[in-house]
Amino acid sequence: MKTDLLFLTLLAASSTVVNAADVKISVDTKSGAYKYSPYLFGKNTSDIPYQPGKTLDPEAESLLKESGIKFVRLNNGNNATKYNYKKHLTCHPDWYSNIYDCDWDMSSKVMNESFPGIQAMYSFQLCGYVASSKEHNFNDWEFNQSQWGEWCSWPLCGGGEVIDLEKKEYKAGDTSLYLEEWSTEQTTDILTYWKDELKRDMSQFIYWNMDNEPEMWSWTHKDVQPDFDPEFYVQQYVKVALAAKQKFPDIKLCGPVAGSEWTWFATSGTTNQFPKWEGKQMPWLEYFIMRIGQEQKKHGVKLLDVLDIHYYPSGEKSEEVNLQSHRTYFDREYDNPEANGLYTLNGGWDTNIKKEYILGRCDDWMKKYIGEDHGVTFSVSEYNISSKFEPITHAIAYISHVGELMKNNGEFFTPWGWNVGMWEAIHLMARYSKEYYVPSESSDVNMVESYVTVNKNNTEATLLIVNRSTKDDADVEVAVSGMEIADGNVKTLSLSNLPASETFVSHTENALVEGDATISNGVVKTSLPAKSVKAVLLRSVNAGMESIAAKNDAIVYPTVSDGQFFAKCADGIQSIDIIGANGIHNESVVGNGNDFVEFDITGKGSYIIRVNSKDNSTIAKVVVK
């Protein structure tokens, strides 16, 4: 007899619950599982060295490796738009457009050598110009001892002058002194340069941003794009995309990297606030998707692999609002209290429009303009909420955003800001999640939600539960089907009440707190305090064990006395392994090649018996009452 027996390992801490809300969650681990992208466990980072004299900081290296992170975005955001890979220079649009050293060759080398298991993303340049010289930088120290202010965004590099600071009057610099024109071939030549000359492992650099926040160039790169032209960007995009696909067929193009909730719909500039096509005005992201769809049909080449946006909730209204911000992506019933940009959806200012579901809208537009089977996934390559909130709030928000993308065909998620609590969150998700997502249902999904993942063989699963309520604890019952679960107490770990200082050090030194939960008849009962996260691991006791069928499988029988058994196998028994329901190997019995072996089990409960012959193993379940 061969029977799979599964046991639960719950990663969450039990707590005393007062005035708790009852929440019921159900999941069938065999129903609807699909492989999600591991690159959802990511972040933007400047920890990978990209300037002369810089080396990889051991602490930063340890955090990236110990957390289990799978994806990093290394293109420096707006600073990527004018990157010159030949001269290793780029432009800082938030600092007078001054030019500084930036070497992606260096950071890509570090990624290949030190982080081969982490995917890294860079960016192509589409505005038509890149940095050329540092010789004409604006002297910010002489101006005001390098103080920060709105004047820092003025393009004063190249001989610019401040005329009247109070009146915000200035003379822009001469762009020819610090920029040079940049062609499609030049921006995509980095692919062949890295592959053929530098011998980079390009499988680690599959994803490329199609520049960064182009609809905001009239703010961020006004020295060369004073009035953003949507069609100029689309034409540049198509030329670069075609060249990139030819040079690197495995590449994934990610665009349009739209900047914020304010510019998903209306672009910056004076004459192109709302793009028009054949006299019809439409939101920026709809226009982009429509034009990419047209160009794809024209060229017969897939030009968009990942629909990429940035999301910066204002973060100042309330903690409760921020803990619901993940619903902005796909929830068609969510009235977003911070959906100010959405009011411009129809070209005016309509405050009655509340339901944003921005990535859901993009999916609708792609189905309309590209086709039902458009094959485009979704990503958020920048995200941040106010640092004023507690670390546990940042942890829950991170998990909620990743979870929302996990269940809706997300490709990667790389927050721009990184606050205390987020290392703990990414470690919990990246280290304990399995490869396949499984849908689950909650009786109060907006406050208490679960994210369930299983391995390919449905022998291991991870259940994450978040309690987003800022006030109410929750008693939770999780009904699990699709797995046989042994009754009893199981181990739990949880995150809650994180201190203000960083707690994550490594996979073994972190803020996870151990506790217990109970399981009975496939129902897990546990409690979550307000603002907390709990992870539940389900694992078969024979996970990782191969049961190889022999011509004469072993048979295990009980004797007339409790706890006494015998095994019979015509191939001869070499040994018998006794494994408890908790997965702990209790003992082994030597069989000496005999066909018939008696053995005892001490202690009540369920056990797995693995009978090993010379060439095969057979697994059976027994129960001692």
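The values are calculated or read from the model by the stated rules, or taken from the named source; none is laboratory data. Owing to the predicted nature of the structure, the values given are computational and were not obtained by experimental measurement. Methodologically, a virtual Cβ is constructed for each residue, glycine included, from the backbone with ideal geometry; neighbour enumeration extends over all protein chains shown.
Quick notes
- Residues satisfying the stated conditions in the range 137-157, i.e. surrounded by 11 or more Cβ atoms within 10 Å (Cβ to Cβ) and more than 40 Å from the chain's Cα centre (by Cα): Phe143, Asn144
- In this structure, Ser314 qualifies as modelled with pLDDT under 95 and under 23 Å from Asn44 (Cβ atoms).
- Matching entry among Gly117, Gly158 (being assigned to a loop (DSSP other than H, G, I, E, B) and not assigned by TED's automatic domain parsing to the domain that holds Ala244): Gly158
- Checking each residue in the range 166-196 for being in a strand (DSSP E or B) and under 27 Å from Lys239 (Cβ atoms) picks out Leu179, Glu180, Glu181.
- Test result for Ser37, surrounded by 19 or more Cβ atoms within 10 Å (Cβ to Cβ), in contact with a Pro (Cβ under 7 Å, 6 or more places away or on another chain) and not aliphatic (A, V, I, L, M): no
- Members of the range 379-396 found to be free of Cβ contacts under 8 Å to residues at least 60 places away in the same chain and either of a type in the set (S, T, N, Q) or more than 13 Å from Ala500 (Cβ to Cβ) (or both), listed by number: Ser387
- Count - residues of the range 405-451 that are in contact (Cβ under 8 Å) with a residue 12 or more places away in the chain, assigned to a loop (DSSP other than H, G, I, E, B) and not polar (S, T, N, Q): 12
Residue-by-condition table, conditions (1) charged (D, E, K, R); (2) assigned to a loop (DSSP other than H, G, I, E, B); (3) surrounded by 14 or more Cβ atoms within 10 Å (Cβ to Cβ); (4) in the same structural domain as Asn384 (by TED's automatic domain parsing):
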site: Arg327; (1), (2), (3), (4): yes, no, yes, yes
site: Arg332; (1), (2), (3), (4): yes, yes, no, yes
site: Glu338; (1), (2), (3), (4): yes, yes, yes, yes
site: Tyr343; (1), (2), (3), (4): no, no, yes, yes
site: Trp349; (1), (2), (3), (4): no, yes, no, yes
site: Asn352; (1), (2), (3), (4): no, yes, no, yes
site: Leu359; (1), (2), (3), (4): no, no, yes, yes
site: Cys362; (1), (2), (3), (4): no, no, yes, yes
site: Trp365; (1), (2), (3), (4): no, no, yes, yes
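- Of all residues in the range 202-235, those being surrounded by fewer than 21 Cβ atoms within 10 Å (Cβ to Cβ) and over 16 Å from Ser379 (Cβ atoms) number 13.
- Filtered by the rule that a residue be more than 20 Å from Val505 (Cβ to Cβ) and assigned to a helix (DSSP H, G or I), the range 40-78 gives Leu40, Gly77, Asn78.
- Close pairs (6 angstrom Cβ cut-off, 6 or more residues apart or separate chains): within 14 Å of Val590 (Cα to Cα) and of a type in the set (D, E, K, R) in the range 555-577, crowded, with 16+ Cβ neighbours inside 10 Å and modelled with pLDDT of 75 or more anywhere: Asp577/Arg610
- Criterion (at pLDDT 95 or above and buried (at least 22 other Cβ atoms within 10 Å of the Cβ)) met by exactly one of Val420, Val438: Val438
- Condition check for Trp182: modelled with pLDDT under 95 and closer than 19 Å to Thr90 by Cβ: no
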